[in-house]
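Since the structure comes first, as structure tokens, the remarks are kept for the end.
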Amino acid sequence: MSAYNLQVLVLAGGSGTRLWPLSREEMPKQFLTLFSNRSLLQDTLSRMLRVVPAEALTVVTGEEWKALVAHQGRDVCSLAPGQVVVEPIPRNTCPAIALGAVSLLETKRASEEDLLFVAPSDHIVADGTVFSAAVELAAAAALRGDLVVFGVPPLYAETGYGYVEATECADTSPGGALPVRRFVEKPSREKAEEYVASGNFYWNSGMFCFRIGEFLHALEEYIPEIGLPARKGMTALLEAFPRLPSLSVDYAVMEKAHNVAMVPLQAGWSDVGSWDAVYDVLPKDGAGNVVLGDCVLDDASGNLVFAADHLVALQGVRDSIVVSTSDAVAVLPRGASQGIRNIVAALRGKGRKEVSQTPNSVRPWGSYHILDESERYKIKRIVIAPGKRLSLQYHLHRSEHWIVVRGTAWVRIGDTDRFVHEGESIFVPKGAVHRLGNQGKIPLELIEVQCGEYVGEDDIVRVEDDFRRRSEQE
């Protein structure tokens, strides 16, 4: 790397449901392990470590995902508490970037002359070497004072992406960053086809690079309701955050500024923002099928089939998307997966929990899977990693019964500690302060039966917590 201070800001606050029913509001796609044995967030952090050291990483996320970001991050690199910045309330990418930039200045990890690279946490970049070279080109342009966006040469006429128009084609440019003429929102099919044919339009990757001071100056000029509190510091920005406009950085700054450049990125990029995009990036069998999970296919071709918990069988099915989880099944034609948003909107209008809650949930201490539930009971399979423990807590509306099926549980109820071995069980009365942990060397697995007048995940009052979470979801 050249002699400049480059900081990386990873945006991990989104709660999208475009990969529903797998992604939910409480488990967005950046935390899913759909494409490898690591989550998209972990892949992003690993990719960033090719261009900066671990201490130059900062993740901006919501309060509800702070512990999960730290937990997943530990498997890639060590993130200090100051490297995870929490948004008080979701306000889109522009306020999130401002928050991260101001945090870097106040903690003296960067100055206004230093560079900031901004990356979403839920994208795929296949070629790390090409990506690193593109970051070098972007840094050179940012050092000259440009606000840089990364543009992906379009492979087809995609209507789900925004586009960036360069003033010249990359094939005729001597190299480096290209001047940007304009940004275009998600176009119609006809317009997208025109853009692809022109050779001067690129998909907007959502990745940016600029001097911190240049970005803050642009905020003051174009969006003073964000720029002015940002200039006053972290306390002022946090106090103003609930009143800030919810704006993307593209709309707030990049579309208005006159010093915008674009670096072409041909590194196998995808925002995996739909099931069609998932199909595009994953390997196919001889019949063009992408098969994930326990699936049996007969005389089927061109399908994406994902079976999270149950056997899925297809016969004579062509060019379809079938996604099965333990509580929902989605079936739709390939090429029309953007329409899943209509399904999600309809479910949200009916107040269905399947939009927000997920039966499989990852927590800093391990994971749980909801096996069954009704109005007055819930049954979970809980797995606690070695050396981890849940918070010291109590419940106002439910009791719990734990049955150990693998390993040995350390349990505290009130002032009494004991070990519960495989095949044994223990009862936790309503209102009793309790804690559950795994002091062993293997994962602890148990079945939890909750009973009471309310068994929602938010009936947790924490007394003490290793992960500094609030009294909400465990």
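A few comments on the model shown:
- Each part gets one Cα centre, and for region 409-433 versus region 128-171 those centres are 56 Å apart.
- With contacts taken as Cα pairs under 8 Å at a separation of at least 6 residues, region 58-166 carries a relative contact order of 19 percent.
- Using a cutoff of 8 angstrom between alpha carbon atoms and counting only pairs six or more residues apart, the relative contact order for region 108-190 works out to 25 percent.
- Under the span-like rule (Cα at least 18 Å along the axis, Kyte-Doolittle mean at least 0.0), DSSP H helices of the chain: 93-106, 128-143
- Evaluated with a Cβ-only charge set (Lys, Arg +1; Asp, Glu -1), the chain carries a dipole of roughly 760 debye about its Cα centre, given to the nearest 20.
- Label-point gap, in nm, between S188 and T33 - each point 7 angstrom along Cα→Cβ: 4.6 nm
- The Cα center of region 274-295 and the Cα center of region 3-72 differ in position by 23 Å.
- On a per residue basis, the chain carries 43 Å² of accessible surface, using protein heavy atoms and a 1.4 Å probe.
- Calculated P(r) tail over 14 Å for region 400-474, as whole % of Cα pairs: 64 percent
- With θ taken as phi - 60° and the Karplus curve 6.51 cos²θ - 1.76 cosθ + 1.60 applied, the whole-hertz 3J(HN,Hα) list for region 145-162 is x, 7, 9, 10, 10, 9, x, 9, x, x, 8, 6, 7, 8, 8, x, 10, x Hz, x standing for glycine and proline.
- Accessible surface of the chain, 1.4 Å probe, proportion on carbon and sulfur as whole %: 51 percent
- 5 angstrom amide H check on E87, placed H, neighbours 5+ away: T61, G62, E63
- Leading residue at positive end of dipole, region 149-251 (Cβ point charges), from I223, M234, P245: M234
- Residues whose placed amide H lies under 5 Å from that of N289, excluding near-sequence neighbours: G302, N303
- For S270, the accessible surface of its heavy atoms amounts to roughly 10 Å² (probe 1.4 Å, protein chains only, rounded to the nearest 10).
- Simple spin-label estimate for E453 and D319 in nanometres, 7 Å along Cα-Cβ: 5.6 nm
- As a length-normalised measure over Cα pairs under 8 Å and 6 or more apart, the relative contact order of the chain settles at 14 percent.
- Distance between the modelled labels on A133 and T107, one decimal in nanometres: 3.3 nm (7 Å Cα→Cβ projection).
- Taking the DSSP bridge list for the chain and keeping only pairs wholly inside it, about 70 percent are antiparallel.
- Å³ per residue enclosed by the Cα convex hull of the chain: 163 Å³
- Theoretical ellipticity at 222 nm over the chain - DSSP helices of four or more residues, -39500 (n - 2.57) apiece, nearest 500: -6500 deg cm²/dmol
- Ordering 133-143, 79-89 by mean Cβ neighbour count within 10 Å, with the highest value first, yields 133-143, 79-89.
The values are calculated or read from the model by the stated rules, or taken from the named source; none is laboratory data. From a predicted model like this one, the values you see are computed outputs, not experimental measurements. Note that we place each Cβ from the backbone using ideal geometry, even for glycine, and neighbour counts take in every protein chain shown. Keep in mind that these areas ignore ligands, DNA and RNA; they rest on the heavy atoms of the full protein, side chains included. Shrake-Rupley method; radii C 1.70, N 1.55, O 1.52, S 1.80 Å.
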